[in-house]
Structure formats: structure tokens, C-alpha cells
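Taking it in order: structure first as C-alpha cells, then the write-up.
The values are calculated or read from the model by the stated rules, or taken from the named source; none is laboratory data. Since the model is a prediction, treat every value here as computed from it, not as a measurement. In this analysis, Cβ positions are derived from the backbone assuming ideal geometry, glycine residues included, and neighbour counts consider all displayed protein chains. Surface accessibility is based on the protein's heavy atoms, side chains included, excluding ligands, DNA and RNA. Shrake-Rupley method; radii C 1.70, N 1.55, O 1.52, S 1.80 Å.
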Amino acid sequence: MEIERKYLVAALPADYRSWPSRSIQQAYLCTEPVVRIRKEDQQYYLTYKSKGLLEREEYNLPLTKEAYDHLLPKADGIVLTKRRYRIPIEGTGLTIELDLFSGVYEGLCLAEVEFETKQEAEEFVPPDWFGRDVTFSGEYQNSRLALRKQ
């Protein structure tokens, strides 16, 4: 089960580049339900996500580079590209996944935080540099972004 909140980022923290990051390329074979392929640095995955905004089921399966390359041309919409920084939130055990998009979404910055429980997610107080909470709108789900700009 994935329980996460998502925010537009109002202003990047000054030290974000000091945290570990990965290059991500992902595409969608289906958006209802979500079936995604992802290249994260030199690792490859196929992911299934059920419907939902705050809570949804998620399953990740490893892929080979060859399988990823075979599936990529079959994707719907555009391929999303971004750099993901993992920033720990001191004293909480939580981690911010800060996504800085490139390509057609150059300049879009989103922050996601995953939680163990729905209650923890509902009680979360975001850092000052987070912007609008877009968790429940769904407008910034990556599967929707992939279909929006074609």
C-alpha cells in the first residue's frame, strides 16, 4: 500500500543539491489502472498502481534493460524525465522525494512524502518551502502528466 502526499514546490531549499539524487525516465503503458515502466539510473521497473489519491496499492517488478527498451515505444503519451532528490525530514523518519522535471515539463517541481499510515499522512505538517497540496486534486499525478502534453 502506498500512502503519500504530493505538493507543488513554491521555492527550492538552498541545500537540495547536497542530497542524493537519481535520474528518472518513466512512461505509461496504461493509466487506468496505472501500469508504468521506469528507468531509475541503471535500474528498470514495471509498476502497477490501483486507483486512488492519498492511498493506493502499488507493486513493483524488476525489468531488464531489454524489456524496458521493448516496452518504451508502446507507451501512451510522453516519456517523463526528472531528477529525484531524497531529502530526510529531521527527527521524523520521513523522506521528501523532490522531483525536478525536465523535457516538456521543465521547471515543474513536485515534492512527495510517503507514510506508514493514513493518520500519519493526514497529520503531516509540510516544511515552509512546500507549496500547494495537490494530493487530492490528482492533476499532478505522473500518469496524467504523461497524457496532458502530447
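At a glance:
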read-out: Long-range amide H partners of residue 29 with built H, under 5 Å; value: 35, 36, 37, 76
read-out: For residue 44, residues with placed amide H under 5 Å, excluding near neighbours; value: 63
read-out: Flagged links, alpha-carbon separation over 19 Å, of 6/65; 39/65; 39/74; 49/118; value: 6/65
read-out: 18 Å reach of a label modelled at residue 147, 7 Å along Cα-to-Cβ, counting backbone N of segment 1-37; value: 26-37
read-out: Sequence of 39, 6 from largest to smallest accessible area, 1.4 Å probe; value: 39, 6
read-out: Estimated FRET transfer efficiency (residue 23, residue 139; beta-carbon r; R0 25 Å; 0.05); value: 0.55
read-out: Built amide H within the under 5 Å cut-off of residue 134, gap 5+; value: 6, 7, 8
read-out: Average accessible surface area per residue within the chain, 1.4 Å rolling probe, Å²; value: 55
read-out: Mean separation of Cα contacts under 8 Å, 6 or more apart, over the residue count of the chain: relative contact order %; value: 32
read-out: R0 of 22 Å, Cβ-Cβ distance residue 79-residue 59: FRET efficiency to nearest 0.05; value: 0.55
read-out: Normalised contact order of segment 1-87, rounded percent, pairs of Cα under 8 Å and 6 or more residues apart; value: 36
read-out: Exposure of residue 29 as accessible area (Å², to 10), given a probe of 1.4 Å and all protein chains; value: 50
read-out: Vicinal HN-Hα couplings computed from phi for segment 44-50 (Karplus, 6.51 cos²θ - 1.76 cosθ + 1.60; Hz; Gly/Pro x); value: 10, 9, 10, 10, 10, 10, 6
read-out: Ratio of the Cα radius of gyration of segment 50-95 to 2.2 N^0.38 Å, where N counts its residues; value: 1.66
read-out: DSSP loop GluC sites (Glu not before Pro) with at most 15 other Cβ within 10 Å excluded, longest remaining stretch of the chain; value: 1-56
read-out: Surface share of carbon and sulfur [accessible, 1.4 angstrom probe, percent] for the chain; value: 50
read-out: Calculated [θ] (222 nm, deg cm²/dmol) that DSSP helices of n ≥ 4 give over the chain, each run adding -39,500 (n - 2.57); value: -3000 deg cm²/dmol
